[in-house]
Amino acid sequence: MPLVLFVVAIAVFTADQLVKNWVVATLPEGVTVPVLGDVLRWHFVRNPGAAFSLATGQTWIFTILAAAVVIVILWQIRRLRSLPWALFLGLLLGGVLGNLTDRLTREPGFPEGHVIDFISTPWMWLGFNEAIYNIADIGIVSGMILFIVITLLGLPIDGRSRAQARADEAAAEEAKLAAKAAESASAPETDASSTDSASDDSEGRGNATP
């Protein structure tokens, strides 16, 4: 499953960076270019904030958070045995790396580079302020939607079935209860042994007295 994660992450990251390079080289900044009328438009902006042009002016914070997310994902690989989890983590990793690369390499420079956003779909926002986004953002959001589904289905990251995970949890709980019961049962025996030993010592001292 780690292979699936890396394939998905590389696909998202590569598509994101290649298209962003095309945007920077081709599209005029700040100008809307209709593609499918108002359904899909290109609108090149440099975003100093988070995904979907949110929280502008806090680039360095998101650089740190993105790096932390990458570390956590790589740490989870050792437990990864589930295809849905591999897809989720791959989408998230590819998206985070795509925007993190912008923050590390693009103007105005490390670690506050501006993310390249260019996809405009005004119909999606239902009258609210429109947000411009990119392929990395799509990967992140798609991954989080998949994560919600995984959570609702209760799928473990190690690939076990839901029933198997519950059975293992029940077995572990029973083992704990059995260990506690055994510990409680051995306590009176230990106390009784100590009492008998004390009695024997007392009798021995009594017999030794002239």
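The values are calculated or read from the model by the stated rules, or taken from the named source; none is laboratory data. As the structure is a prediction and not an experimental result, all values here were calculated from the model. Ideal geometry is used to build each Cβ from the backbone, glycine not excepted, and the neighbour counts take in all protein chains shown. What goes into the accessible areas is simple: the full protein's heavy atoms, side chains included, and nothing from ligands, DNA or RNA. Shrake-Rupley method; radii C 1.70, N 1.55, O 1.52, S 1.80 Å.
Taken together, the residues in region 46-60 that are open to solvent by 60 Å² or more (accessible area, probe 1.4 Å) and modelled with pLDDT under 90 amount to 4.
With respect to residue 153, is the statement that it is open to solvent by 70 Å² or more (accessible area, probe 1.4 Å) and modelled with pLDDT of 90 or more true?
Numbers: open to solvent by 70 Å² or more (accessible area, probe 1.4 Å): yes; modelled with pLDDT of 90 or more: yes.
Criteria met by residue 153.
Restricting attention to region 76-91, the residues that are under 10 Å from the mean Cα position of the chain (by Cα) and surrounded by fewer than 19 Cβ atoms within 10 Å (Cβ to Cβ) total 1.
Scan region 25-45 for residues that are of a type in the set (A, V, I, L, M) and open to solvent by 60 Å² or more (accessible area, probe 1.4 Å) and jot them down.
Residues of region 25-45 that are of a type in the set (A, V, I, L, M), as a first pass: 25, 27, 31, 33, 35-36, 39-40, 45.
If the condition is that a residue be of a type in the set (A, V, I, L, M) and open to solvent by 60 Å² or more (accessible area, probe 1.4 Å), then 25, 31, 35, 36, 39 are the ones that fit.
Of the residues 4, 33, the single one that is out of contact with any strand residue (DSSP E or B) (no Cβ under 9 Å at 6 or more places or on another chain) and either part of a helix (DSSP H, G or I) or over 14 Å from residue 137 (Cα atoms) (or both) is 4.
The set of residues in region 5-24 being within 11 Å of residue 91 (Cβ to Cβ) and open to solvent by 50 Å² or more (accessible area, probe 1.4 Å) consists of 11, 13.
Every residue, every condition in (1) among the hydrophobic types (A, V, I, L, M, F, W, C); (2) free of Cβ contacts under 8 Å to residues at least 60 places away in the same chain; (3) over 22 Å from residue 20 (Cβ atoms), yes or no:
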position	(1), (2), (3)
86	yes, no, yes
96	yes, yes, no
105	no, yes, no
109	no, yes, no
123	yes, no, yes
133	no, no, no
151	no, yes, yes
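Condition check: open to solvent by less than 70 Å² (accessible area, probe 1.4 Å), modelled with pLDDT of 95 or more, in contact with a His (Cβ under 8 Å, 6 or more places away or on another chain) and within 22 Å of residue 15 (Cα to Cα). Does residue 118 satisfy that? The answer is yes for residue 118.
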